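As structure tokens, the structure follows; a few thoughts come after it.
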Amino acid sequence: MKKIQAFLTLLFLMLLRLGAWIQLRKGHPRIIGITGSAGKTSTMYAVYQVLSPSFRVKMSEKGNSETGIPLDLLGIRVTSYSFWFWVKVFFLLPIRIFLYWPKYEMYIVEMGVDSPFPPKNMGYLLTILRPQIGVFLGVSAVHTAFFEEGECKKTDELLDKIAEEKGKMIVSLPSDGWAVLNLDDDRVSQFQERTKAHVFSFGRKRDSTIQIIEVSSTLTAFTLRLRWNDQEETLRIFGSVLPEHYGHSFAAACGIGVILGIPLKESVARLSSYHLPPGRMSVIEGVKETVILDSSYNASKQTVLDALDLLQKIAEKKKVAILGDMRELGSHGKDDHREVGKKVAEVCDEVVFVGPFMKEYAVPVVEEKAVPCASFDSASKAAKYLKERLSGGETILIKGSQNTIFLETAVKELMLHPEQSEELLCRQTPFWERQRRKYA
């Protein structure tokens, strides 16, 4: 039975890959691939904002995986992951191939790597499409559980392995293509010597093609100063609270603009109206005159630490956090959750945790520092507990992984206007509502 299931899965993936290949041959768009351990979606939206006024552009809003990318190319929206959904996709494939003819010149695709093994690895994604422009943002300990093999459990070895897998996209670029690389990450910068493509770098280092001169963030505005050749431009985004690492996303987007003939000044002007998708550091009005920093879409150690740094800088009054488990970290989960516990104890006046890993590893660290904390097995329980304890005027950071955690539930509970949840929160489709009910 398992052999039959494996054969059918393989056959289905082959059909999806064939459908994607045919779809790309219809219009021959220039493909811009984005990889890295964090910041892919934000960078994709930034690149789209820079390019869309000048080109017909499509981006992979709904998928970054071995199934998500082909379905996105074919215009098939994922409504569930049930057996019957995939049966529906099987019959839809030939119809979409013959009848779906979108016209676009650029395809911006997020290329997520969850494992070194097919079909979850970069090697497999490169059999679906081959970018002409590749962005490599950085390497951090995300999805490390799937990269642990044998004795490969030390952090440096794991990060090297992750970099090697993600970097396959950069190595695969054609000689007339462009590798857009973050020089501030040593594991990324090494690919300058390993790619046949032209290199366009970004980062704080002086030898970066686009140099980040200054970056800062407040509750009301994000400011980034960039230098390219002898030209300096300042980007200001009002109404969004962004951690400083977004400077790399915007620098990469401006770099692609320069590569494609868009002046730096024009790219910066286009990015000034940038808005993040829901659940990625959105600012939402909360009950009792609180401010919610909604980062409920997902979490890794580094993004949580960055979010806590930002909370520390911008909060005018009491600082509170609801933090959920960070998943798929393997043997590094224990240390990473403890490190987050240590940081949150330094930053926050009170913290509420969601999930067994936070309870086991982070709570003891926070209790040792005598910071008020509590732990729950669901986001709704955590939010109801905190709601009763709010005195008014707090800034509340909400962040955690999506797998079984779903902290958007906590955001909705604490919003002043929960009727706006479909517009402001992440994962608001019927499929995700069914998933949330399982863990309420």
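Just for strands (runs of 3 or more DSSP E) wholly inside the range 197-283: which have at least 3 residues that are more than 28 Å from Leu173 (Cβ to Cβ) and outside the structural domain of Leu310 (by TED's automatic domain parsing)?
In the range 197-283, 210-217, 221-228, 231-238 are the strands (runs of 3 or more DSSP E) which contain 3 or more residues that are more than 28 Å from Leu173 (Cβ to Cβ) and outside the structural domain of Leu310 (by TED's automatic domain parsing).
Can you spot a residue in the range 9-27 that is surrounded by 14 or more Cβ atoms within 10 Å (Cβ to Cβ), of a type in the set (A, V, I, L, M), touching a residue at least 12 places away in the same chain (Cβ under 8 Å) and outside any helix (DSSP H, G or I)?
Step one: of the range 9-27, the residues surrounded by 14 or more Cβ atoms within 10 Å (Cβ to Cβ) are 12-13, 15-24, 27.
With the extra rule that they be of a type in the set (A, V, I, L, M), the set shrinks to 13, 15-16, 18, 20, 22, 24.
Still in the list and also touching a residue at least 12 places away in the same chain (Cβ under 8 Å): 13, 15-16, 20, 22, 24.
This time we only want the ones that are outside any helix (DSSP H, G or I), so: none.
No, the conditions are met nowhere in the range 9-27.
Can you report the number of residues in the range 279-314 which are surrounded by fewer than 21 Cβ atoms within 10 Å (Cβ to Cβ) and closer than 21 Å to Arg389 by Cβ?
Residues in the range 279-314 being surrounded by fewer than 21 Cβ atoms within 10 Å (Cβ to Cβ) and closer than 21 Å to Arg389 by Cβ: 6 in total.
Kindly evaluate Leu71 against the criterion of being farther than 23 Å from Tyr246 by Cβ, in contact (Cβ under 8 Å) with a residue 60 or more places away in the chain and in a helix (DSSP H, G or I).
No, not satisfied.
What residue, of Lys58, Lys62, is in contact with a helix residue (DSSP H, G or I) (Cβ under 9 Å, 6 or more places away or on another chain), modelled with pLDDT of 90 or more and among the basic types (Lys, Arg)?
Lys58
Thr395 is checked against (1) touching a Cys at 6+ places or on another chain (Cβ under 7 Å); (2) touching a residue at least 12 places away in the same chain (Cβ under 8 Å) and fails just one. What number does that condition carry?
It fails just one condition, (1).
Could you tell me how many of the residues in the range 400-440 are over 20 Å from Arg327 (Cβ atoms), assigned to a helix (DSSP H, G or I) and hydrophobic (A, V, I, L, M, F, W, C)?
2
If you scan the range 163-189, which residues turn out to be farther than 21 Å from Gly257 by Cα and either touching a residue at least 24 places away in the same chain (Cβ under 8 Å) or not assigned by TED's automatic domain parsing to the domain that holds Ile32 (or both)? Even if it seems obvious, please write down each step before you answer.
Filtering the range 163-189 for residues farther than 21 Å from Gly257 by Cα gives 163-168, 171-172, 185-187.
Residues satisfying the conditions are Ala163, Glu165, Lys166, Gly167, Lys168, Val171, Ser172, Asp185, Arg187.
Which of the numbered conditions does Lys103 fail, given that it passes all the others? Conditions: (1) within 21 Å of the chain's Cα centre (by Cα); (2) within 30 Å of Gly261 (Cα to Cα).
Here Lys103 meets the rest and fails (1).
Show me the helices (runs of 4 or more DSSP H) entirely contained within the range 113-180 in which 1 or more residues are modelled with pLDDT of 85 or more and within 17 Å of the chain's Cα centre (by Cα).
Ranges flagged: 122-128, 155-166.
Since Leu276 meets every condition but one in (1) surrounded by fewer than 23 Cβ atoms within 10 Å (Cβ to Cβ); (2) aliphatic (A, V, I, L, M); (3) free of Cβ contacts under 8 Å to residues at least 60 places away in the same chain, which condition does it not meet?
If we test Leu276 against (1) surrounded by fewer than 23 Cβ atoms within 10 Å (Cβ to Cβ); (2) aliphatic (A, V, I, L, M); (3) free of Cβ contacts under 8 Å to residues at least 60 places away in the same chain, just (3) comes out false.
Select from the range 209-241 the residues that are in contact (Cβ under 8 Å) with a residue 40 or more places away in the chain and crowded, with 22+ Cβ neighbours inside 10 Å and write down the one among them that is farthest from Leu293 (Cα to Cα).
If we take residues in the range 209-241 being in contact (Cβ under 8 Å) with a residue 40 or more places away in the chain and crowded, with 22+ Cβ neighbours inside 10 Å, then Ile210 is farthest from Leu293 (Cα to Cα).
Any residue in the range 228-244 that is within 19 Å of the chain's Cα centre (by Cα), closer than 23 Å to Lys313 by Cβ and modelled with pLDDT of 95 or more? First the steps, then the outcome.
Initially, the range 228-244 is screened for residues within 19 Å of the chain's Cα centre (by Cα), giving 240-244.
Those left that are additionally closer than 23 Å to Lys313 by Cβ: 240-244.
With modelled with pLDDT of 95 or more added as a condition, the list becomes none.
The answer is no; no qualifying residue exists.
Any residue at all in the range 76-91 that is under 28 Å from the mean Cα position of the chain (by Cα), assigned by TED's automatic domain parsing to the domain that holds Glu266, surrounded by 15 or more Cβ atoms within 10 Å (Cβ to Cβ) and not hydrophobic (A, V, I, L, M, F, W, C)?
Yes: one or more hits.
Checking the structure you have, find out if any residue of the range 315-323 is surrounded by 17 or more Cβ atoms within 10 Å (Cβ to Cβ) and more than 21 Å from Thr290 (Cβ to Cβ).
no
The values are calculated or read from the model by the stated rules, or taken from the named source; none is laboratory data. Only a predicted model underlies this, so the values are computations on that prediction, with no experimental measurement involved. Note that each Cβ is placed from the backbone with ideal geometry, even for glycine, and that neighbours are counted across all protein chains shown.
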